[in-house]
Structure formats: C-alpha cells, structure tokens
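Taking it in order: structure first as structure tokens, then the write-up.
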Amino acid sequence: MSGPDMGHISGTSPKPLLSVLKGNRPTVPPMWLMRQAGRYLPEYRNLRAEKGGFLELVYDSAAAAEVTLQPLRRFGFDGAILFSDILIVPYAMGQNLWFETGEGPRLAPTLDQTDLAALKPDFTRFDAIYETVRQVKAALDPNVTFLGFAGSPWTIATYMVAGQGSKDQGAARRLAYQDPARFGAIIDAIVDATVTYVSGQIDAGVEAVQLFDSWAGSLAPLQFDRWVIQPNRAIVERLKRLHPNIPIIGFPKGAGAKLADYATGTGVDAVGVDETVDPHWANRTLPVGLPVQGNLDPLALIAGGRAVEDAVDNIRAGFAGRPHIFNLGHGILPDTPIAHVEALIAYVRQGGGG
C-alpha cells in the first residue's frame, strides 16, 4: 500500500516525523519543540556552566551532541534538532561572534559601516558543527528524525548589518531601501554560505532541515518577496539539486497573511506556523496537502493545564486534514516547567485534540 495516506491508515512508520514531511498523515502527529535543547533543562544548564559559555558549548562537538540528545532521553521526542546557532553562518563569513551575558549575540565588524568585501570567510568554522552532526547521528534512536537548520538570509542579514538583534530590524530595513544593490550582495553571499553549511550538515547525517526566518514579519509586502521569498527559494532550489530527497521546512515567523505566498514561492516541503496564526485559516489558505508544523503558544505551555489542552484541541482540529508535525509556534521559554512539557506530550500522544 502506498500514497499520501499510508501513514494515516497504518499508523506506523520507522521515522514518524520524516514520514509526515514526505506527506503521510499518522493518527497521532509526531512532535518536537523548537529550542527543546536549552535553558529550561537542568542538565543543559549544568553542562553550559561547565563549558563556560554558549559559543564554547557549540564548538565542543561532544558537548553539543550531548545537548542535542538531552531532550530525547528525557521526553522521547520524534525529532532531534542539531544544537548550534544561526549566527555560525556570519561567523564563517568573516564576522567575529561573541555573546554578551544577559544581552545576546554580537557580530563585528557591522555591515552598516563595513563593506562585505572586507570580510575574510573561513568555512572551516563549520567543521565542528559537522562533527556534532556525526556524533549525534551515531547515537540517535533509529525512530527519531534528525533535523539540521540554518537561519534564512533576511534574518541573518539583520544581525550582520546591525551587529546584534533589534526590535524592528531598522538598520537592515533602512539599508535594503536605500541601497538595494549593496544589501542584495549581502543576501546573495548569505545564500551561498547557507547552501554550503546546510549541504555539509546533510552530508554529515541530518535527514531534514529547517530554515528559520525569525524576523520575516518585519517586512512590507514588496520587501518580503525580495528579501524573504526569493532568497529562500534560491536556497531550496540549490539544495534540492544537491540533495533531492531531503525535506526542507520553512519557518517565516510573523509572515501572517503572506504565509501562502511564502509556501508557494519558496518551494519548501513544509511550513512552520507561528503562534499568532489561526490553524483553521492556515489550513484553508495553504496549498492542499502541504505538511505544516506548529503552533502552540510557548506561553500557553508555561501556563499548562486547560490552556494547553484547549490550544492542542484547536490546533489538531485545524490541521486534521493535512500532514501535521506538532510543535510550538516559536522556541520554548527558559521558565517552562518540565512537568508541563511532560503533560503536553502525554495529551498529544493519548489522542488529545484528535
């Protein structure tokens, strides 16, 4: 028996999450959580303290592999996502990267004041990440799908231009309007580096990849097409030529009404949906049969109890007719109670909302 509903009929798959990305609809959706390896876990906090900092943890392949596997041991998720950071790409493109305690990442020199040509790329900075992938792959349960990831060009460019995160991505938006040729060169260079980086992750052992466009929601419609849809389409097309069987999840956070244009324009295999999107609307709007991922509000998970159950019921009802990976609408928050994660998994897997 074959076809898109095989998983729905049989209810079995050696890799349930990968099966959904290929178009199947199991009775219970597979699940993982964005930022599932992180600060809400005591074992993560202990290891990070031992290593002395975030970047030190990322670049210690054995430690990064351990962090990737920690939530799998505790919760038995259907997906493992590589522990790394989206800013490894600009770091390899030649910007210095460090993390300020309590304030987040910093990049220098910033591209609002420095020309791209002044950077000296060093793609050996990807090598430790590939080694992390190999170590995780060797230790991973065969039923778990291994996800790699990268930041999408617009989101990466916002950090490269400003040197840090911002509320409105104003520096990058201003440069994109005032000097689109210069900004386009930055985007094109990020596309090239991202294809190299993700292809290397795939060669090392990941089975699917997610492209995070965390700041996609800050762009006006014409800018969204130019700086979100077109660069992501370029990445998808090039990766598909290199790795035609590797599914790609696109996550354009904040895309809202532009979600369907993103899905059709980029050619991704699945779309991640943030917590602000009505799943019933998304189901009506997105291409028929396109797998979706999401979209529980991370704050609902902190609240727990009825708030989570009502949200799960609504999400599963909204996406009942299409392949669905259960996830959050954004990353899990550091103050999330572990007991609430356990309760969420139990509710979804026991048929809650189904």
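Things to note:
- Rounded if a/c under 1.5, otherwise prolate or oblate - the range 46-119, Cα gyration tensor axes: prolate
- Rel. contact order, % - alpha carbon contacts under 8 angstrom, at least six apart, the range 106-261: 30 percent
- Cβ-based net charge around Q36, under 12 Å, with every Lys or Arg adding one and every Asp or Glu removing one: +3
- Net charge contributed by nearby residues that have their C-beta within less than 11 Å of R174 (K/R +1, D/E -1): -2
- Charge dipole (Cα centre; +1 on Lys/Arg Cβ, -1 on Asp/Glu Cβ; no other charges) of the chain amounts to roughly 460 debye.
- Pairwise centroid distance, computed over Cα atoms, of the range 275-354 with the range 30-53, Å: 21 Å
- Considering only beta bridges that DSSP places wholly inside the chain, some 20 percent are antiparallel.
- Surface accessible to a 1.4 Å probe, per residue, for the residues of the chain, Å²: 40 Å²
- Relative contact order for the chain: 18 percent, from Cα pairs under 8 Å spaced at least 6 residues apart, divided by residue count.
- With the highest mean first, a sort of the peptides 75-87, 146-158, 274-286 on other beta-carbon atoms found within 10 angstrom per residue produces 146-158, 75-87, 274-286.
- Spin-label zone in the range 182-217 - amide nitrogen under 14 Å from a point set 7 Å from the Cα of D115 along the C-beta vector: 182-183, 185-186
- Taking amide H atoms as placed 1.01 Å from N in the peptide plane, the amide H of L296 lies under 5 Å from those of N327, L328, G329, each 5 or more residues away in sequence or on another chain.
- Value of [θ]222 nm, deg cm²/dmol, for the chain, DSSP H segments ≥ 4, -39500 (n - 2.57) each, nearest 500: -13500 deg cm²/dmol
- Of all lysines in the structure, those lying under 17 Å Cα to Cα from K253, and not within fewer than 8 positions of it along the same chain, are K167.
- Heavy-atom accessible surface of the chain: percent carbon and sulfur, 1.4 Å: 52 percent
- Positive minus negative residues near P279 (Lys, Arg vs Asp, Glu; Cβ under 14 Å): -3
The values are calculated or read from the model by the stated rules, or taken from the named source; none is laboratory data. All figures in this text were calculated on a predicted structure; none of them were measured in a lab. Don't worry about glycine lacking a Cβ; one is built from the backbone with ideal geometry, like all the others, and counts go over all protein chains shown. The protein model used for the area step is the full one, side chains on, heavy atoms only, and it has no ligands, DNA or RNA in it. Shrake-Rupley method; radii C 1.70, N 1.55, O 1.52, S 1.80 Å.
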